1. Where the second residue is part of a loop (DSSP other than H, G, I, E, B) and polar (S, T, N, Q) and the first is crowded, with 17+ Cβ neighbours inside 10 Å and lies in region 213-239, which pairs have Cβ atoms under 8 Å and are six or more apart or on separate chains?
2. Any idea which of (1) closer than 25 Å to Tyr214 by Cβ; (2) part of a helix (DSSP H, G or I); (3) touching a strand residue (DSSP E or B) at 6+ places or on another chain (Cβ under 7 Å) is the one Ile161 doesn't satisfy?
3. Restricting to region 198-235, give me the number of residues that are in contact with a His (Cβ under 7 Å, 6 or more places away or on another chain) and not aromatic (Phe, Trp, Tyr).
Amino acid sequence: MRCSAVLKKNMKTKKILKELGFSPTDRVVIFHADDIGMCEASVSAYAELLDFGLMSSAATMVPCPWFPATAKVCRENEEKADMGVHLTLTSEWDNYRWSPLTSNDPKSGLLDAEGYFPRVALPVQEKSTNEIVYKELKAQIDRAISAGIEITHIDTHMFAIYPAFTDVYLRLADEYKVPAFVLQPDTEMDFPQALTEEQAEKRLLLNAWHAMSYENAENRFEQAKNYLDNLQAGLTYFLLHPSKDTPELRTIALDWRTRVSDYRLFTDEKFRTYIKESGIQVIGWRALKNLL
């Protein structure tokens with residue numbers, strides 16, 4: 001069943017790319033910015049990345065304090081913004097936290113002892129239920145839409161959806177008629193193993209994915225180039241966490257250096273020239289959503 005699902009999904013992905021005008025040998029990449037709205041530094045970086053035009057997708061964390069500012073940027077840049085909802089069940093930093101939209105009841109399984117989302121996914125997966133998680137994630141999507149964001153997809157912060165709430169995740173994608181971040185099962189991170197064959201037949205599967213290092217902020221251009229030079233044909237998800245260098249970011253995030261490096265890389269003319277000359281085809285989620 002697993003192999004059958006992968007085969008059918010790959011055929012679906014190839015069909016969609018063909019409909020978008022790509023050939024079977026094209027290397028198609030979504031350059032995606034995560035954690036937008038987590039803090040101010042992410043929002044100001046996102047606004048500049050929109051203007052620069054190399055980043056092709058992003059996702060916002062609705063429960064975070066700077067979500068309203070993200071929504072404002074999206075409303076002011078409707079034609080350029082390709083924004084999804086970064087469905088959030090965790091709050092990982094030591095001194096900067098956020099809470100669920102729908103519950104302050106510890107019995108919900110959504111809260112830690114401090115009254116925030118847990119720092120890691122396991123407590124939610126062990127203690128909460130599909131019904132409670134569905135209600136919370138639906139509220140996050142609804143708030144994004146109410147704030148004026150035309151959402152293009154959904155994905156998952158810290159991959160906290162998998163594997164316990166995969167059914168909830170796919171249900172929401174179907175209800176809102178948006179694609180969900182789903183990897184084909186033979187990728188390094190084999191999350192889609194929780195999908196049934198019937199579910200897989202409906203999905204667009206990403207053929208590969210790559211996240212920029214959370215630890216090594218040096219030589220960011222060479223890091224990206226080393227991966228992209230060896231890119232295979234198909235649809236690849238290239239993940240970054242861009243933020244501007246601010247006192248706030250340095251106080252919040254231990255990995256602030258790599259976040260700043262991501263921002264600088266995707267506002268670098270040298271990197272833009274490299275992408276243009278490499279023959280890589282850049283795409284966002286909106287085109288995929290419109291076909292799906």
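1. From region 213-239, the pairs are Gln223/Ser213; Gln223/Asn216; Gly234/Asn207; Leu235/Asn207; Thr236/Asn207.
2. Among (1) closer than 25 Å to Tyr214 by Cβ; (2) part of a helix (DSSP H, G or I); (3) touching a strand residue (DSSP E or B) at 6+ places or on another chain (Cβ under 7 Å), Ile161 violates only (2).
3. Total satisfying the criteria: 0.
Throughout, read-outs are computed from the coordinates displayed, never taken from laboratory work. Just so we're clear, the structure is a prediction, and the values are computed from it rather than from any experiment. Glycine also receives a Cβ, built like all others from the backbone with ideal geometry; neighbour counts cover every protein chain displayed.
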